[in-house]
Amino acid sequence: MNRCLVCNEAMKDVLTWRTLLKRADAKVICKSCEGGLERITGERCSLCSRELDGIHRSGDLCYDCSRWESDNEWSGQLSRNISLFHYNEQLKEIIAKFKYRGDYALASIFVPYLREVLKDMEHDLITCIPLSDERLRERGFNQAQALADLLGLCTVELLNRIDTEKQSKKSRLERISLPQVFEVKNQDLLQGRSILVIDDIYTTGTTLRQAAKALKKAGAKAVSSITLSR
């Protein structure tokens, strides 16, 4: 009998031909905990996946993306980001255990959801947002790469991170004012290619836009991204 990776409660498996054939995507989270994951639904920003409402929008963009796109330095750098969940308290706790406390197994919770949207993301190459060497030593693994590995994706290292300060400790203003924090590697692979970037959380969009800007400057045709939460 399997146990939920979040609450450790026993889960009864209902065996059908469908579940037997799709064992790789078997649920590892109980219905109660899954219910605490709040999917982003309805009309959303065409660029970052934020749910739209009548106040915080400009056409099919949220107000934040409208500001990014009105800045000549950043306009068109990131083609599209798809996020799956709202960053609510349940998801915040799961990601904290996964990302900061080394509970690698929790990444498997998100595999079926990511696989569902990946099939609609056009790309030539897939890469992950890298950690600085210091962060990698602290955590022991890159959370974005862990997601890609569990999905069985073939990724290419295209970026190095050249800053060392924790992004989670920075304010929004500090994040959007940062100098470029990425340098490109394997530049010869980029020419005219569409790149899909994997990360865990879309906060202000600065990290992904900096990655996109570096990749496009080095020759990439387009850069899109997929993240767990927004």
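Things worth noting here:
- All positions within segment 10-38 that are at pLDDT below 60 and closer than 19 Å to E116 by Cα: R18, T19, L20, L21, K22, R23, A24, D25
- Sub-7 Å Cβ pairs linking a first residue in segment 191-217 that is within 21 Å of L151 (Cβ to Cβ) and assigned by TED's automatic domain parsing to the domain that holds F85 to a second residue that is basic (K, R) and assigned to a loop (DSSP other than H, G, I, E, B), at least 6 apart or interchain, are R193/K221; S194/K221; Y202/R230, ordered by first then second residue.
- Within segment 123-142, the only residue that satisfies the criterion of being in contact with a Leu (Cβ under 8 Å, 6 or more places away or on another chain) and part of a helix (DSSP H, G or I) is R139.
- Among (1) surrounded by fewer than 14 Cβ atoms within 10 Å (Cβ to Cβ); (2) at pLDDT below 80; (3) not β-branched (V, I, T) - the single one C7 does not satisfy: (2)
- Residue match in segment 68-90 (condition: more than 14 Å from L228 (Cα to Cα), without any contact (Cβ under 8 Å) to a residue 24 or more places away in the chain and surrounded by 14 or more Cβ atoms within 10 Å (Cβ to Cβ)): yes
- Residue within segment 104-119 that is modelled with pLDDT of 90 or more and loosely packed, with under 15 Cβ neighbours inside 10 Å present: yes
- Of all residues in segment 82-94, one or more are of a type outside the set (F, W, Y), touching a helix residue (DSSP H, G or I) at 6+ places or on another chain (Cβ under 7 Å) and modelled with pLDDT of 95 or more.
The values are calculated or read from the model by the stated rules, or taken from the named source; none is laboratory data. These numbers were taken from a predicted model, which means no experiment stands behind them. In this analysis, Cβ positions are derived from the backbone assuming ideal geometry, glycine residues included, and neighbour counts consider all displayed protein chains.
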